[in-house]
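Data first, discussion second: the structure below is written as structure tokens.
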Amino acid sequence: MEILKQVEKEIRILGYYQLIGGILGMGTIAVSSIVIERILFLVIMALPFLLSIYAGTQCLRNKSNQLFISKINQALQVISFSLGGFGFSYCAGVYLGIGIETTNDFIFKFNFGLSTMNFTINSLSETSFILTNLVAFYLVYRIGQYESFLDEIKEKKEKLDIEDHLISNE
């Protein structure tokens, strides 16, 4: 049971992390200059941060979908890229990125920072890179461990419930 309490504690921490990361991202969007034609674009940019806030609240409320939503949220943050005028980079929380830039040469790239969102379509930028967010990668891994652990506990509980039912019917 001590391990279960530790997992529940870590899931609550994950919830706070995602909630704060989403709020930071929304704040970043709010302080950027708003031009009427950019409002729709800003709404689209806000959606991943709203997902992070939702995932965080699900973890804090111990909802049944908490790990599923959190895994989607974190998986979206694992890879950032820019290639041929198209690019995507999203992080709600802390990012620690390593990767390569291939614009002129292969250059090792290292990034660190807080909540960010970049989405480009048909940009004139010739920058090409791919980054892996190590924080999000680790969190996806841990969420998988939480799922496995909770599934084991559920199976054990179901087995005990069946045994109790069989004993009470004798």
Read through the list (1) part of a helix (DSSP H, G or I); (2) surrounded by fewer than 17 Cβ atoms within 10 Å (Cβ to Cβ), then give the number of the only condition that TYR146 fails. (2)
Residues within the range 59-78 that are open to solvent by less than 50 Å² (accessible area, probe 1.4 Å) and either polar (S, T, N, Q) or more than 13 Å from LEU139 (Cβ to Cβ) (or both), tallied: 7
Being closer than 26 Å to SER123 by Cα, touching a Pro at 6+ places or on another chain (Cβ under 6 Å) and surrounded by 14 or more Cβ atoms within 10 Å (Cβ to Cβ) narrows it down to one of TYR90, TYR95, so name that one. TYR90
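To keep it simple, each residue is scored yes or no on (1) open to solvent by 40 Å² or more (accessible area, probe 1.4 Å); (2) within 24 Å of LEU47 (Cα to Cα); (3) assigned to a loop (DSSP other than H, G, I, E, B).
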| position | (1), (2), (3) |
| --- | --- |
| ASN104 | yes, no, yes |
| THR132 | yes, yes, no |
| PHE137 | yes, yes, no |
| LEU150 | yes, no, no |
Can you tell me which residue in the range 120-130 is farthest from ASP105 (Cα to Cα), limited to those that are surrounded by fewer than 14 Cβ atoms within 10 Å (Cβ to Cβ) and not polar (S, T, N, Q)? ILE121
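The values are calculated or read from the model by the stated rules, or taken from the named source; none is laboratory data. Everything numeric here is computed off the predicted structure, so don't read it as measured data. Every residue, glycine among them, receives a Cβ derived from its backbone with ideal geometry; neighbour counts consider all protein chains shown. Only protein heavy atoms, including side chains, enter the accessible area calculation; ligands, DNA and RNA are left aside. Shrake-Rupley method; radii C 1.70, N 1.55, O 1.52, S 1.80 Å.
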